[in-house]
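Everything below concerns the one structure shown next.
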Amino acid sequence: MRLPERQLAVLEAASATDERTVAEIAAETGLKPETVAGAAFDLADEGLVAVGSATDETLELTDEGRSYVEAGLPETRLYRAGLDAGADAKPVSMGAVIGEAGLEGPEVDIALANFARKGFGTVESGELSVDPDADPDADAEATALAALADGDDPAVDGDVLDQLASRGLVDRGESVTRTVRLTDDGVDALMTGVEATETVGALTPELLASGEWRDAEFAEYNVEAEAETARGGRKHVLRRTADRVKDVLVGMGFQEMEGPHADADFWINDCLFMPQDHPARTHWDRFALDVDPMEGIPDELMARVEAAHRDGWGIDGDGYHSPWSADFAREVALRGHTTSLSMRYLSGVAGAELEPPQRYFSVEKVYRNDTLDPTHLLEFFQIEGWVMAEDLSVRDLMGTFEEFYRQFGITDIRFKPHYNPYTEPSFELFGEHPETGEEIEIGNSGVFREEVTGPLGVDCDVMAWGLALERLAMLTTGAEDIRDLHGTLADIDFLRNAEVSY
């Protein structure tokens, strides 16, 4: 029998009576551990050795755990500071003890939470008492941390390890030890004699140029062996959905808008005839920025928008008669919708062509102080769009949506009347989730009111909408939670395999 040198070295180092580890064989043969492991698996395929494995738990201190080995656990430091302050005789101000213990930031809560749990004392009404009979030196958690820091393998109680892991002081992992043992066929092969042969693993340019390839013995490849799947880069499913949306809207005759993520409240809300005392314009629903007010808003446009808010627009118009502040209008916040871009374009400030008919869109990120749930995030992508033309109707708007969603294989769109301060009539759009059958809101739309278009200098109809890109992706991919698409909960296999409808 002839074997490559590395396989022969491993075969001769293996034992028929004892299981030898890959590390032991590597030390004896001078081969790298990964080379030994590869040779062992090749020999196992030939039935000459048996490869086994054993899985052991590994314990490693985190950075926080190492810092506590040096400085002491927060609860221990709190106990010792309490003793020094005389809290074993009578209660002492908790704040004073915390200061003496040198606890800062999160360490304070950590110390208080574990102080009582370990029976070191009590905290009541802002005063701390310590138990003089407590022995922090015998604390099992501190002992285990010190042993791990010294590189020992302590026999630690499982509950103690669970507690250290839950506190983020220890990382638990697994290590796999490979073992090799000769089989009967392996013993027979060694007894009958095995010759070493040098094999070539790859055909190189040097072998071809020299002609040595003619006499070389090439290594055999096991084409049935399992191999790790090689994966290349792939554009994120949400980005691919956005690209598809852009292709569809451009194909429908739209031009793309762009503009700032942080904008003046004037463009975000005032131009939309949103009263300045509207609840949605408080800090509960918007992300205000501590920056200088935005200048450069045309004074005439500002005056017309203010007039619409105060007195309405047109003969029958009636404003809100509510407070108005130019300073508030110039304050900067993260945009809660990309309709701020529509206002910039419809006003002519962004340099758009405004001779009707016109069609514009954007697919950009917006920011809202929402509660996280399966259909809401603090930031998401909005599909903004508007059409300017004479004599537009709700029928035109519905037809636009039906054509748009049809491009994604969605043909069952439902509409529900809705109220918006800036559109009349208005309606929301709903689609049925393909997996759950649940009806989810996918957008909001309407025809801009005269109080919106009039101050901007637009004297024809404008129908507009804001659609949710993530919810469109949920309908096309079957994702049941918006957090499946991006974020810490996203499933990598889902992102690798999800397809966008075309």
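The set of residues in the stretch 308-365 being more than 13 Å from Pro275 (Cα to Cα) and among the aliphatic types (A, V, I, L, M) consists of Ile315, Val332, Ala333, Leu334, Leu341, Met343, Leu346, Val349, Ala350, Ala352, Leu354, Val363. In the condition set (1) touching a helix residue (DSSP H, G or I) at 6+ places or on another chain (Cβ under 9 Å); (2) in contact (Cβ under 8 Å) with a residue 12 or more places away in the chain; (3) surrounded by fewer than 20 Cβ atoms within 10 Å (Cβ to Cβ); (4) not polar (S, T, N, Q), Pro357 is compliant with all but (1).
All of Val92, Val69 fail the test of being farther than 30 Å from Leu161 by Cβ and of a type outside the set (Gly, Ala, Ser), apart from Val92.
Residue under question is Phe404, and the condition is that it be under 30 Å from Thr436 (Cβ atoms), part of a strand (DSSP E or B) and aromatic (Phe, Trp, Tyr); does it hold? Don't jump to the end; show me each part of the working.
Details: under 30 Å from Thr436 (Cβ atoms): yes; part of a strand (DSSP E or B): no; aromatic (Phe, Trp, Tyr): yes.
Taking the combined requirement at face value, the residue does not satisfy it.
Residue pairs whose Cβ atoms lie under 6 Å apart, sitting 6 or more positions apart in sequence or on different chains, and linking a residue in the stretch 442-463 that is closer than 13 Å to Leu272 by Cβ to a partner that is among the basic types (Lys, Arg), are Pro455/Arg304. For Asp292, the conditions (1) at pLDDT below 90; (2) over 22 Å from Ser347 (Cα atoms) all hold with the exception of (1). Looking at Val366, Val349, Val387, just one residue is modelled with pLDDT of 95 or more, assigned by TED's automatic domain parsing to the domain that holds Gly446 and surrounded by 14 or more Cβ atoms within 10 Å (Cβ to Cβ), and that residue is Val387. Residue check: Gly457 meets all listed conditions (1) in contact with an Asp or Glu (Cβ under 9 Å, 6 or more places away or on another chain); (2) surrounded by fewer than 20 Cβ atoms within 10 Å (Cβ to Cβ); (3) under 22 Å from Ser340 (Cβ atoms) but one, namely (1). Which residue, of Thr55, Thr21, is assigned by TED's automatic domain parsing to the domain that holds Thr192 and under 13 Å from Val180 (Cβ atoms)? Selected residue: Thr21, the only one of Thr55, Thr21 that is assigned by TED's automatic domain parsing to the domain that holds Thr192 and under 13 Å from Val180 (Cβ atoms). Among the residues making up the stretch 51-91, those that are surrounded by fewer than 21 Cβ atoms within 10 Å (Cβ to Cβ), hydrophobic (A, V, I, L, M, F, W, C) and touching a helix residue (DSSP H, G or I) at 6+ places or on another chain (Cβ under 8 Å) are Val51, Leu59, Leu61, Val69, Ala71, Ala85.
On the given criteria, is Gly317 farther than 29 Å from Tyr367 by Cβ and not assigned by TED's automatic domain parsing to the domain that holds Thr453? In short, yes. Of note, Leu103 does not satisfy the criterion of being out of contact with any helix residue (DSSP H, G or I) (no Cβ under 6 Å at 6 or more places or on another chain) and either modelled with pLDDT under 90 or surrounded by fewer than 12 Cβ atoms within 10 Å (Cβ to Cβ) (or both).
Residue count for the stretch 253-298, restricted to those that are farther than 23 Å from His321 by Cβ and of a type in the set (S, T, N, Q): 1.
One residue stands out in the stretch 363-391 among those that are in contact with a Cys (Cβ under 8 Å, 6 or more places away or on another chain) and of a type in the set (A, V, I, L, M, F, W, C): the one that is farthest from His433 (Cα to Cα), namely Ala389.
Selection of the stretch 20-31 for residues being surrounded by fewer than 16 Cβ atoms within 10 Å (Cβ to Cβ) and within 23 Å of Glu195 (Cβ to Cβ) yields Glu28, Gly30. For Val97, the requirement of being β-branched (Val, Ile, Thr) and buried (at least 19 other Cβ atoms within 10 Å of the Cβ) is met. For the stretch 235-250, taking the residues that are closer than 16 Å to Val387 by Cα and touching a residue at least 40 places away in the same chain (Cβ under 8 Å), the one that is nearest to the chain's Cα centre (by Cα) is identified as Lys246.
Criterion applied to Pro293, Pro323, Pro275, Pro260 was being in contact with a helix residue (DSSP H, G or I) (Cβ under 6 Å, 6 or more places away or on another chain) and assigned to a loop (DSSP other than H, G, I, E, B), and the one residue passing it is Pro293. If only residues of the stretch 5-19 that are touching an Asp or Glu at 6+ places or on another chain (Cβ under 9 Å) and surrounded by fewer than 18 Cβ atoms within 10 Å (Cβ to Cβ) are counted, the one that is modelled with the lowest pLDDT is Glu5. Working only within the stretch 271-303, note down all residues that are loosely packed, with under 11 Cβ neighbours inside 10 Å and among the aliphatic types (A, V, I, L, M). Matches in the stretch 271-303: Val291 only. For the stretch 235-248, the condition holds for at least one residue, the condition being that it is in a loop (DSSP other than H, G, I, E, B) and exposed (fewer than 15 other Cβ atoms within 10 Å of the Cβ).
Set side by side, the residues Ala227, Ala307 differ, and just one is aliphatic (A, V, I, L, M) and either without any contact (Cβ under 8 Å) to a residue 60 or more places away in the chain or in a loop (DSSP other than H, G, I, E, B) (or both), which is Ala227.
Taking the conditions (1) modelled with pLDDT of 90 or more; (2) among the charged types (D, E, K, R); (3) within 33 Å of the chain's Cα centre (by Cα) in turn, Asp491 satisfies each one other than (1).
The values are calculated or read from the model by the stated rules, or taken from the named source; none is laboratory data. Keep in mind that what you see is a predicted model, and the values were worked out from it rather than measured. Note: ideal-geometry Cβ built from the backbone for every residue, glycine included; neighbour counts use all protein chains shown.
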